[in-house]
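What follows is a short report on a single structure.
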Amino acid sequence: MPEEGVDESKRSTLRRFAAIGAASPLARFQSDGTSDSDAPDAIAGYVAATPGAHFSKLRDDLQLGTGEAQHHLRRLVRAGVVESRKDGDYRRYFPADRFSEFEQVALGYLRRETPRGMLVALLRDPALTAGGLADRLGVSTPTISKYGSELETAGLLSRADGYAVERPETIMLLLVRYADSFGSDAAALAAEADTLLSYDG
């Protein structure tokens, strides 16, 4: 009985994301008829809803086996539906041809709790110092310094005069558009996004 429960949960998850994949403008992937699996469309849908997710998270969230996930991802990449990018120890997946290099890098960091927390906190309060960020996020100042250096190298943060988010409108847009796929910090930011940024006309 537990096996059936797990299988039904997996089928339900795959169907939910397959519906997103089938509705996506990226749904160019056609099955070769050798399988009636929902996995390819589910992966395409998951990547569309959760761009920048790494392999292990995609596999686990969709309840796929490692070999099964690798097989379908390889086919989706070959078909031009999905593309990937190496990010340190991770390989992250994106809908093909949708994001610039800057956006892909940004999404990779936004999928990591502390860097995302730093960017969210700085969008809310650009005057925060390293110490203020450490207090806000409940981490050490050296941790903030470490990720600050990484974010600066990645082009997402400037530390020339305190801490400042680079291209804040782009970062905000990604956070708002995919808020449901990030943590509660992003969801809270999305709810107040229109009050945080001013646009020059």
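The values are calculated or read from the model by the stated rules, or taken from the named source; none is laboratory data. None of the values given here were measured: they were computed from a predicted structure. Ideal geometry is used to build each Cβ from the backbone, glycine not excepted, and the neighbour counts take in all protein chains shown. Surface accessibility is based on the protein's heavy atoms, side chains included, excluding ligands, DNA and RNA. Shrake-Rupley method; radii C 1.70, N 1.55, O 1.52, S 1.80 Å.
Residues in segment 36-98 average 44 Å² of solvent-accessible surface per residue, probe 1.4 Å, ligands and nucleic acids excluded. Probe radius 1.4 Å, ligands and nucleic acids ignored: give me the carbon and sulfur share of the accessible area of segment 36-98 as a rounded percent. Whole-percent figure for carbon plus sulfur exposure: 40.
The mean accessible area for residues of segment 102-196, using a 1.4 Å probe and ignoring ligands and nucleic acids, is 46 Å² per residue. The length gained on full extension between GLU101 and GLN70, counted as 0.36 nm times the residue separation minus their Cα-Cα distance, comes to 8.8 nm.
Extension gain, THR141 to PHE55: 0.36 nm times the residue separation minus the Cα-Cα distance gives 27.9 nm. Could you tell me how far the Cα centroid of segment 47-77 sits from the Cα centroid of segment 95-160, in Å? If we compute the Cα centre of each part, the gap is 25 Å. The slack between ASP194 and ARG177, meaning 0.36 nm per residue of separation minus the straight C-alpha distance, is 4.8 nm. Shown here are the Rg and Dmax of the Cα trace of segment 62-201, at 16.5, 51 Å.
If you roll a 1.4 angstrom probe over the protein chains with everything in place, what fraction of the accessible area of segment 102-196 belongs to carbon and sulfur, to the nearest %? Before the final figure, lay out the partial values.
Working: 2080 of 4340 Å².
Solvent-exposed carbon and sulfur of segment 102-196 make up 48 percent of the total.
Grouping the Cα pair distances of segment 38-142 into 5 Å bins from zero gives a pair-distance distribution of 2, 12, 21, 19, 14, 11, 9, 7, 5, 1 percent in increasing distance order. Approximating the spin labels as points 7 Å out from Cα along Cα→Cβ, the ALA187-to-ALA160 distance works out to 3.8 nm.
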